[in-house]
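Participant: Dumping the structure here so I can ask a few things about it.
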């Protein structure tokens, strides 16, 4: 059954989007160029709605999918963007952020055809600016297995253990995704990079002492039960202190092992 472009979107609720015509130098011309490209893309989609329906649906939710759809329907590298290249880098960077915000705002609204067109205009404009800046982005080009950290990032993670734990879970999730792919091999370079990244992050972990402190408190109470500290001589006091230190050290190490085991089990379960 043939699908019409309009059938891929929700009906408008009567409230039209208000376009802000104010903007940075070159924005009006950029919007005009982008509008013409979007019209051409929508005509192409309407002509091939059956074939592109799934990608169109995905592009309503994903910026990467939108970029992929645009690249499949139009050759942006053929567009004359000399007017953009004539602008300074600061202006282009400002325009880039503006178009990214435009895309995000449109993505959060009810996906009517008018709103979708507005979001696509932002996407086209963003990609044209990227070409002018030499910062082209290929949709879907990010490889799930590539994870690298600078020394500064690693130090930041070491100082924020909550963020570190989240990043470890993120790595483990990426590993699970890779393992689920057809043709997966542990010889894959991306898989090896994930393993390397996971080891680096695990080495940054600082023992979580919350549970260990409670356990130590109880065990210390048992050791001191019935002992009058004021009557202890130096030798016995030293011996008691040594027992307390060994107890605390042992519980801290146990807590680290439990945390590592829990994270490894979580990774296997994903």
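Quick note: the coordinates plus some simple rules give every number you see, no bench work behind them. Model, not experiment: these values are computed from the prediction. All Cβ positions, even for glycine, are placed from backbone atoms using ideal geometry, and neighbour counts span all protein chains on display.
Participant: Taking other Cβ within 10 Å of each residue's Cβ, how do 202, 47 sort, fewest first? Mind showing how you got there, number by number?
Facilitator: On the way: 202 15, 47 12.
Lowest count first: 47, 202.
Participant: Continuing with this model, one more query. Based on the alpha-carbon gyration tensor of region 68-192 and its eigenvalue square roots a ≥ b ≥ c, which shape applies: rounded if a/c is under 1.5, prolate if not and a/b is larger than b/c, or oblate? Numbers along the way, then the final one.
Facilitator: On the way: a/c = 1.92, a/b = 1.67, b/c = 1.15.
Judged from the Cα gyration tensor, region 68-192 comes out prolate (a/c at least 1.5, a/b above b/c).
Participant: Separate question: Computed over the Cα atoms, what is the radius of gyration of region 143-206 divided by 2.2 N^0.38 Å, N being its residue count? Before the final figure, lay out the partial values.
Facilitator: Values: Rg = 12.1 Å, N = 64, 2.2 N^0.38 = 10.7 Å.
The reported ratio for this selection is 1.13.
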